[in-house]
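Everything on this sheet refers to the single structure shown next.
The values are calculated or read from the model by the stated rules, or taken from the named source; none is laboratory data. For clarity, every value in this text was computed on a predicted model and none was experimentally measured. No Cβ is skipped: glycine too gets one built from the backbone with ideal geometry, and neighbour counts run over all protein chains shown. Surface accessibility is based on the protein's heavy atoms, side chains included, excluding ligands, DNA and RNA. Shrake-Rupley method; radii C 1.70, N 1.55, O 1.52, S 1.80 Å.
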Amino acid sequence: MKSILFAAPRSGSGKTLITCGFLEAVRRRGYHPAAFKCGPDYIDPMFHQYVLGIPGGNLDSFFLEADQVRQVFASRLKETGADLAVIEGVMGYYDGIGGVSKRASSWEISVMTGTPSVLILDCKGASVSLAAQVKGFADFVDNSNIRGVILNRLSPMLYGRLKPVIEKTGIKVYGYLPEMKECSLKSRHLGLFMPGEIEGLREKIGLLAEQIEKSLDMDGLLKLAGNEENGLSGAFFSEKLTVEGRNAKEEIQETVIAVARDEAFCFYYQENLSLMERLGAKLVYFSPLRDKSLPEADGYLFGGGYPENLAAELAANTSMLLSVREAHRRKIPILAECGGFLYLHEMLEGRDGSVYKMAEIYKQKAFNTGRLGRFGYISLTGPGGMKIKGHEFHYWESGDPGEDWLAEKPASDRSWHCIHQDGPRICGFPHFYYLSAPSFTEWWLEQCRLWRKDTI
């Protein structure tokens, strides 16, 4: 299996743009790639899916142990029939948990999956110093796995002079990209704008792919990706992803889970949805923005996203809000994370500063704090000792974020209470990663099945 990882010394170096351009370039060459993102990121996999037409995946070594990371990687490649794995790194190459550890970094994913890394350097305002940077990154650990460099935002003239200087470090330079302002992507409070919001994105990615074919050593990169010294052993491609606990598929069969999915609710790990389906649940999708009511289901999943940006539109859909209140009255199981939790509040302050009426499940106002709150990985413990891993990442806060679960930071003694739980209604700011505790998902789906059974 060919695989390659694009990393960088820091965020903002061009990883997403170059990854998307590379995906489009290899797709045009006739490859069938699958894309992955290191770490807890929802938006970059949307860009990967935009290019390839298939969902992207996440590889995260805080959420999962090494064998599980490799199994997720191999299973996804097998499911998609991919002949090339392209992994996009997160933050700086060695940046991991708590800002003080290499654990859960892009480097760790590179080592775990046996994937060679290519370092993307933003060359704006630098020249020979880039060679020192390459040398430092390559020598920082014994097995850096850095096998190449791409020079971003560099002129063709300077590239010809700089390439041999950098290659004296022993790291091959696989080409350059000039500054392409016409292909830039805008950001906001939670990251890049989503693909559907960017005018002319298809054309931007097409221009990138054309430039990549001109100024990157594509044949060399594909040869590096296919080096027989890289990659997983064949055994991983014959193993199925293991699920803890009993096999609930037969009992959970025909259990319908309705998933909120539109511009306001779009933050979902593909691994979470796949696990639910593998356990026998049938997923249906609906839009709180456009649909008039909830579909009939045994449980509802409201993921994160941008309800604050679309608060006026969500508030205007009063029939959907009434339908959500009715589902709550009927005690149908609900999982709501971050943006989904905001939607269930009585009032929500929108991005425009106005306050809008929402679903009124929680008689509180959700409001903009103007700063990032409780950012990063957490280990969660719920009632009865239920455990799962997740993360928080939000600028909005609640008058009552809940106190039924305990969140603990992995790299410090910091902890706090969060999440409202009333039986199988579990709503709060944390985003759960289901594969970190499949038994939790089994339990929740079982509660949905029991609700259906009790209402028949």
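Out of all the residues in the range 400-410, is one or more free of Cβ contacts under 8 Å to residues at least 12 places away in the same chain and either open to solvent by 30 Å² or more (accessible area, probe 1.4 Å) or in a loop (DSSP other than H, G, I, E, B) (or both)? No, the range 400-410 contains no residue that is free of Cβ contacts under 8 Å to residues at least 12 places away in the same chain and either open to solvent by 30 Å² or more (accessible area, probe 1.4 Å) or in a loop (DSSP other than H, G, I, E, B) (or both). For the range 62-86, the set of residues classified as crowded, with 21+ Cβ neighbours inside 10 Å and hydroxyl-bearing (Ser, Thr, Tyr) is empty. Tally the residues that are farther than 22 Å from residue 447 by Cα, in contact (Cβ under 8 Å) with a residue 12 or more places away in the chain and open to solvent by 60 Å² or more (accessible area, probe 1.4 Å), restricting the search to the range 294-321. Residues in the range 294-321 being farther than 22 Å from residue 447 by Cα, in contact (Cβ under 8 Å) with a residue 12 or more places away in the chain and open to solvent by 60 Å² or more (accessible area, probe 1.4 Å): 1 in total. Give the residues of the range 138-174 that are part of a helix (DSSP H, G or I), farther than 13 Å from residue 215 by Cβ and open to solvent by less than 40 Å² (accessible area, probe 1.4 Å), sorted by residue number. Matches in the range 138-174: 138, 162, 166. Of all residues in the range 23-39, exactly one satisfies the criterion of being closer than 13 Å to residue 85 by Cα, over 18 Å from the mean Cα position of the chain (by Cα) and basic (Lys, Arg), namely 27.
Looking across the range 350-371, the residues that are in a strand (DSSP E or B), without any contact (Cβ under 8 Å) to a residue 60 or more places away in the chain, open to solvent by 40 Å² or more (accessible area, probe 1.4 Å) and on the phi < 0 side of the Ramachandran plot come down to 355, 356, 357, 363, 364, 365, 367, 369, 371. Counting residues in the range 23-38 that are under 22 Å from residue 268 (Cα atoms) and among the β-branched types (Val, Ile, Thr) gives zero. When the criteria are applied in full, residue 390 fails the requirement of being open to solvent by less than 60 Å² (accessible area, probe 1.4 Å) and at pLDDT below 95.
For the condition touching a helix residue (DSSP H, G or I) at 6+ places or on another chain (Cβ under 6 Å), of a type in the set (A, V, I, L, M) and under 19 Å from residue 224 (Cβ atoms), residue 112 qualifies. What residue, among those in the range 175-184 that are open to solvent by 20 Å² or more (accessible area, probe 1.4 Å) and not charged (D, E, K, R), is nearest to the chain's Cα centre (by Cα)? Ranking the candidates gives 184 first.
Within the set 340, 350, 304, the sole residue that is closer than 21 Å to residue 57 by Cβ and modelled with pLDDT of 95 or more turns out to be 304.
Scanning the range 359-402 for residues being touching a Lys or Arg at 6+ places or on another chain (Cβ under 8 Å) and more than 22 Å from residue 346 (Cα to Cα) gives a total of 6.
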